[in-house]
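Novice: What follows is a structure written as structure tokens; I'll ask about it next.
The values are calculated or read from the model by the stated rules, or taken from the named source; none is laboratory data. Computed from a prediction, not measured in an experiment: that's the story for all the values here. Quick reminder, even Gly has a Cβ in these numbers, built from the backbone with ideal geometry, and neighbours come from all protein chains shown.
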Amino acid sequence: MRFALASRNPGKVREIQQIFAGADIQWVSEDPDHPWPEVEETGESYLENALLKARAIAAVSGSPVLADDSGIEVDALGGGPGVRSARFAGLRATDEENLQLLIDSIEDTDVRGARYRCVAVAAWPDGREAHVEATCEGVLITDRRGRGGFGYDPIFVPAAGDGRTMAELSAAEKDAISHRGKAFRSLREVLGL
């Protein structure tokens with residue numbers, strides 16, 4: 001089966017391809033001469049944003065597409081930044097800018113509960129769609145630890161772990177408990193792969 005990935009984030013691409021390792025999938029790559037469109041995430045939910053990306057790439061690639069939208073939901077911020085996690089510090093914010101703003105936003109509170117949430121979707125050019133959702137509960141710290149992962153991983157300590165941040169886990173350890181790992185493993189089951 002052929003699938004395209006609606007992501008240019010190398011961390012996400014690696015994680016998704018690792019989760020689907022061993023499946024009979026031929027990954028469809030973007031043609032450098034005909035790049036896929038940049039899809040603006042204008043949805044009000046993770047599902048809306050994931051479907052926006054998947055539908056757009058399915059339309060131009062002619063292939064089924066896997067996509068996701070994910071974010072961090074911080075209890076001290078009333079569940080924010082949520083669907084705006086990648087744009088928390090602004091539209092063109094870097095991971096570093098987003099991470100620093102979150103650290104600054106929680107350093108004066110003892111409320112440190114948080115969760116990563118991911119909605120993973122598959123969309124076909126003929127309009128068929130499937131989606132699943134998963135979370136990874138944890139707590140936030142304000143001193144960064146680890147060099148792996150990306151985004152908010154250096155300050156997110158998963159509840160299912162041993163006290164290390166997501167950025168301190170190996171790729172395999174992270175995939176086993178992460179929101180994205182859980183969601184795409186569930187999607188793989190739904191797709192029969």
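Novice: Return yes or no: is VAL60 modelled with pLDDT under 95 and more than 18 Å from GLU137 (Cα to Cα)?
Specialist: yes
Novice: Something else about it: Suppose the filter is assigned to a loop (DSSP other than H, G, I, E, B) and touching a residue at least 40 places away in the same chain (Cβ under 8 Å); does GLY149 pass it?
Specialist: yes
Novice: Something else about it: Just to be sure I understand, how many residues within the range 34-61 are of a type in the set (Gly, Ala, Ser) and in a loop (DSSP other than H, G, I, E, B)? Don't jump to the end; show me each part of the working.
Specialist: Just the residues of the range 34-61 that are of a type in the set (Gly, Ala, Ser), to begin with: 43, 45, 50, 54, 56, 58-59, 61.
Next, from what is left, pick out any that are in a loop (DSSP other than H, G, I, E, B): 43, 45.
Here the count works out to 2.
Novice: Continuing with this model, one more query. Count, please, the residues in the range 1-20 that happen to be within 13 Å of the chain's Cα centre (by Cα), surrounded by fewer than 16 Cβ atoms within 10 Å (Cβ to Cβ) and either farther than 28 Å from ILE177 by Cβ or touching a residue at least 24 places away in the same chain (Cβ under 8 Å) (or both).
Specialist: 2
Novice: Surrounded by 13 or more Cβ atoms within 10 Å (Cβ to Cβ) and either under 13 Å from the mean Cα position of the chain (by Cα) or in contact (Cβ under 8 Å) with a residue 60 or more places away in the chain (or both) - does that describe any residue in the range 21-33?
Specialist: yes
Matching residues to (1) over 30 Å from ILE25 (Cβ atoms); (2) out of contact with any strand residue (DSSP E or B) (no Cβ under 6 Å at 6 or more places or on another chain); (3) assigned to a helix (DSSP H, G or I); (4) at pLDDT below 95:
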{"residue": "ALA86", "(1), (2), (3), (4)": "no, yes, yes, yes"}
{"residue": "ARG92", "(1), (2), (3), (4)": "yes, yes, no, yes"}
{"residue": "GLU97", "(1), (2), (3), (4)": "yes, yes, yes, no"}
{"residue": "GLY127", "(1), (2), (3), (4)": "no, yes, no, no"}
{"residue": "VAL132", "(1), (2), (3), (4)": "no, no, no, no"}
{"residue": "ARG144", "(1), (2), (3), (4)": "yes, yes, no, no"}
{"residue": "GLY163", "(1), (2), (3), (4)": "yes, yes, no, no"}
{"residue": "SER186", "(1), (2), (3), (4)": "no, no, yes, no"}
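Novice: Please tell me if ALA120 is in contact with a strand residue (DSSP E or B) (Cβ under 9 Å, 6 or more places away or on another chain), of a type in the set (Gly, Ala, Ser) and in a helix (DSSP H, G or I).
Specialist: Numbers: in contact with a strand residue (DSSP E or B) (Cβ under 9 Å, 6 or more places away or on another chain): yes; of a type in the set (Gly, Ala, Ser): yes; in a helix (DSSP H, G or I): no.
For ALA120, the condition - in contact with a strand residue (DSSP E or B) (Cβ under 9 Å, 6 or more places away or on another chain), of a type in the set (Gly, Ala, Ser) and in a helix (DSSP H, G or I) - is not met.
Novice: Considering every residue within the range 67-80, establish whether at least one is closer than 17 Å to LYS12 by Cβ and polar (S, T, N, Q).
Specialist: yes
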